[in-house]
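Engineer: I have a structure here, written as structure tokens, and I will follow up with some questions on it.
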Amino acid sequence: MSSRLHVHSMYSLLDGYATPKENLDRAKEIGLKAIAVTEHGNEYSFVYYDMLKKDYPELKIIYGVEFYECFDMSVQDKDSKYFHLIVLAKNENGRKILNKLVTKSNLEGFYYKPRIDLDAFKGYGEDLVVLSACLASKLAREEDYNKCIEYINEYKKIFPFFYLEMQSSDSEDQIEYNKKLLQLSKDTNTPFTITTDSHAATKEDLYYQGRLVQIAHD
């Protein structure tokens, strides 16, 4: 039995399509052991998953957030970069920490997106599990391989439970990035996980999810 550690619902606004119930129904249908809720920069769906979890005793729900990581959340510059970073609650204290961090990203780091920098995570790492995220991650967008090694070492100093995230996609960009991650895993002795970065509960629903993304881009 496998688990999905990177799952979006419609509460990843204009990006995810499924309702929390549709995600849980699909997870149960295909026999998953657990799913991780990872909305973009928010926790809007947590309460709905929490209300539903009693109906899915065979499924573990892991609460997480796909944060918008930046270098310095105090800088408001249209040219400043932000990246995706998956942060999962390892335990109940980790869930409470997510509450603090999401609040901080909105009240102190908001600039187009609710951004957060790595300094904000210091002291919280023991209660969190962190994945390097998708093609919008810092590692994916950095062309300098040695700089990627520096970033990984920085992550690992803050997060004892840090994993490189590969994704099961047949896109050329993802295939090349997966190769890069495999080499980084060897060179930095960092374990990796494989996710699906789900944005819809079924293959058929991807059509409608694509229309949401089109609206967001327009």
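Engineer: Only residues that are open to solvent by less than 30 Å² (accessible area, probe 1.4 Å) and not β-branched (Val, Ile, Thr): list them for the stretch 169-196, please.
Structural biologist: Those that are open to solvent by less than 30 Å² (accessible area, probe 1.4 Å) and not β-branched (Val, Ile, Thr): 174, 177, 178, 181, 184, 185.
Engineer: Looking at the stretch 72-102 only, could you name the residues that are open to solvent by less than 50 Å² (accessible area, probe 1.4 Å) and out of contact with any Lys or Arg (no Cβ under 8 Å at 6 or more places or on another chain)?
Structural biologist: 80, 84, 86, 87, 88, 94, 97, 98, 101, 102 - these are the residues of the stretch 72-102 that are open to solvent by less than 50 Å² (accessible area, probe 1.4 Å) and out of contact with any Lys or Arg (no Cβ under 8 Å at 6 or more places or on another chain).
Engineer: Can you name the residue in the stretch 5-45 that is more than 23 Å from residue 101 (Cα to Cα) and touching a strand residue (DSSP E or B) at 6+ places or on another chain (Cβ under 7 Å) and, of all such residues, is surrounded by the most Cβ atoms within 10 Å (Cβ to Cβ)?
Structural biologist: Among those residues, the one meeting the criterion is 23.
Engineer: Among the residues of the stretch 43-65, is there at least one that is part of a strand (DSSP E or B), over 16 Å from residue 11 (Cα atoms) and among the acidic types (Asp, Glu)?
Structural biologist: no
Engineer: Taking the residues in the stretch 200-218 that are over 16 Å from residue 21 (Cα atoms) and polar (S, T, N, Q) as candidates, determine which candidate is least open to solvent (accessible area, probe 1.4 Å).
Structural biologist: Looking at residues that are over 16 Å from residue 21 (Cα atoms) and polar (S, T, N, Q), I get 209.
Engineer: Going through the stretch 185-216 one residue at a time, which ones are at pLDDT below 95, assigned to a helix (DSSP H, G or I) and under 23 Å from residue 156 (Cβ atoms)?
Structural biologist: none
Engineer: With (1) without any contact (Cβ under 8 Å) to a residue 40 or more places away in the chain; (2) aromatic (Phe, Trp, Tyr); (3) buried (at least 21 other Cβ atoms within 10 Å of the Cβ) as the list, and residue 48 as the residue in question, which single condition is left unmet?
Structural biologist: Of everything listed in (1) without any contact (Cβ under 8 Å) to a residue 40 or more places away in the chain; (2) aromatic (Phe, Trp, Tyr); (3) buried (at least 21 other Cβ atoms within 10 Å of the Cβ), residue 48 misses just condition (3).
Engineer: I'm trying to understand the selection: among the residues of the stretch 191-218, which are under 21 Å from residue 2 (Cα atoms) and hydroxyl-bearing (Ser, Thr, Tyr)?
Structural biologist: 193, 195, 196, 198, 202, listed by residue number.
Engineer: Right, another one. Of the numbered conditions (1) free of Cβ contacts under 8 Å to residues at least 40 places away in the same chain; (2) open to solvent by less than 20 Å² (accessible area, probe 1.4 Å); (3) among the polar types (S, T, N, Q), residue 105 satisfies every one except a single condition; which is it?
Structural biologist: (1)
Engineer: Would you pick out the residues in the stretch 122-168 that are small (Gly, Ala, Ser) and either without any contact (Cβ under 8 Å) to a residue 12 or more places away in the chain or buried (at least 18 other Cβ atoms within 10 Å of the Cβ) (or both)?
Structural biologist: 123, 125, 132, 133, 137, 140
The values are calculated or read from the model by the stated rules, or taken from the named source; none is laboratory data. These figures come from a predicted structure and were not determined experimentally. We place every Cβ from the backbone using ideal geometry, glycine too, and count neighbours over all the protein chains shown. Protein only, heavy atoms only, side chains kept; ligands, DNA and RNA dropped before computing areas. Shrake-Rupley method; radii C 1.70, N 1.55, O 1.52, S 1.80 Å.
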